[in-house]
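Working notes, beginning with the structure itself.
Just so you know, all these numbers are worked out from the coordinates, no wet-lab data involved. Values in this document were obtained by computation on a predicted structure and should not be read as measured data. Heads up, the Cβs are rebuilt from the backbone with ideal geometry, glycines too, and the neighbour counts pull from every protein chain shown.
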Amino acid sequence: MSAIPQHIAIIMDGNGRWAKQKGILRAKGHEEGGQTVQRTLDLCLEHGVKWLTLYAFSTENWGRSKLEVNALMHLLDKYLKERTPEMMEKNVRLHAIGELHMLPDNCREQLQASIDATKENTGLNLVLALSYGSRQEITAAMRNLAEQVQSGTLAPQDITPEMISDNLYTAGMPDPDLLIRTSGEMRISNYLLWQISYAELYVTDVLWPDFGREEFEAALAEYARRERRYGKR
Ligand code: FPP
């Protein structure tokens with residue numbers, strides 16, 4: 001096992017509480033969270049982490065106020081417009097997972113443009129989970145496989161865990177080695193349920209806008225300290 005995780009997945013939580021503590025709008029907390037995204041990307045580059053998957057918008061997040069949803073979509077669009085040239089400079093390849101058809105047209109188009117622009121990059125892979133829900137992802141995978149069974153091209157007894165992996169949005173991506181959640185909640189929140197089977201979990205009380213080098217390196221140190229046995233002795 002390498003001391004550096006190949007793939008880090010993050011539940012970026014606490015933007016709202018951070019804003020509340022400061023007596024400012026929730027949207028400002030998300031804006032600050034966007035700065036943390038860039039800082040974290042740079043830390044991954046510095047430490048040689050190859051994959052970073054960020055929970056940027058969950059299927060449940062559509063239930064927030066229209067104002068907040070619009071602010072988050074605007075922020076995503078702005079982030080992609082402003083940061084794609086930097087991704088090119090830093091050899092970062094962008095991917096997205098989730099029900100992307102749910103995104104507003106301008107965001108979806110900008111997202112696709114950024115994915116296309118960075119597709120030959122070979123450094124770090126940045127995966128944005130957008131309108132993402134793990135149960136929805138697994139349901140879609142099951143439907144794909146069920147259709148193959150129904151059409152007679154697949155026998156139920158031939159279904160393997162690898163085939164299930166290959167039918168998820170994350171097909172072809174390595175599973176996360178380390179899952180970080182900020183703001184202290186001990187929950188997975190419908191995030192990468194299948195993919196985190198063997199991931200190490202690291203929960204910090206630090207709110208996402210305050211997440212920086214110190215916490216990132218503490219998470220890496222904790223990861224390196226743990227011995228992963230995959231259930232074996
Ligand atoms: C959780 O904080 C965070 C989100 C719902 C959105 C995450 C989005 C960002 C970090 C913004 C930018 C992302 C990109 C990719 C540009 P919360 O609002 O649930 O916080 P709370 O639990 O304290 O209310």
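Are any residues in region 6-51 β-branched (V, I, T) and in a helix (DSSP H, G or I), and if so, which ones? Walk me through it before giving the result.
From region 6-51, those β-branched (V, I, T) are 8, 10-11, 24, 36-37, 40, 49; that's our starting set.
Of everything in region 6-51, those that are β-branched (V, I, T) and in a helix (DSSP H, G or I) turn out to be T36, V37, T40.
In the set (1) of a type outside the set (A, V, I, L, M, F, W, C); (2) under 28 Å from E200 (Cβ atoms); (3) crowded, with 20+ Cβ neighbours inside 10 Å, the condition left unmet by G172 is number (3). Consider region 175-187 and keep the residues that are of a type outside the set (K, R) and either surrounded by fewer than 13 Cβ atoms within 10 Å (Cβ to Cβ) or touching a Gly at 6+ places or on another chain (Cβ under 9 Å) (or both). The one that is farthest from L207 (Cα to Cα) is M186. Taking region 1-12 as the range and being out of contact with any Lys or Arg (no Cβ under 6 Å at 6 or more places or on another chain) and within 11 Å of the ligand (Cβ to nearest atom) as the test, the residues that pass are I10, M12. Each residue in region 71-91 was checked for being within 13 Å of the ligand (Cβ to nearest atom) and crowded, with 16+ Cβ neighbours inside 10 Å, and 12 of them qualify.
Would you pick out the residues in region 52-70 that are surrounded by 15 or more Cβ atoms within 10 Å (Cβ to Cβ) and part of a helix (DSSP H, G or I)?
Narrowing region 52-70 to residues surrounded by 15 or more Cβ atoms within 10 Å (Cβ to Cβ): 52-59, 61, 64, 68-69.
Hits for region 52-70 are T59, N61, E68, V69.
Tally time: how many residues in region 63-97 are under 17 Å from G14 (Cα atoms), more than 17 Å from the chain's Cα centre (by Cα) and of a type outside the set (G, A, S)? Number satisfying all stated conditions: 3. Scanning region 14-44 for residues being more than 8 Å from the ligand (Cβ to nearest atom) and of a type in the set (K, R) gives a total of 3.
Annotation: V49 fulfils all but one of (1) within 8 Å of the ligand (Cβ to nearest atom); (2) in contact with a strand residue (DSSP E or B) (Cβ under 9 Å, 6 or more places away or on another chain); the unmet one is (1).
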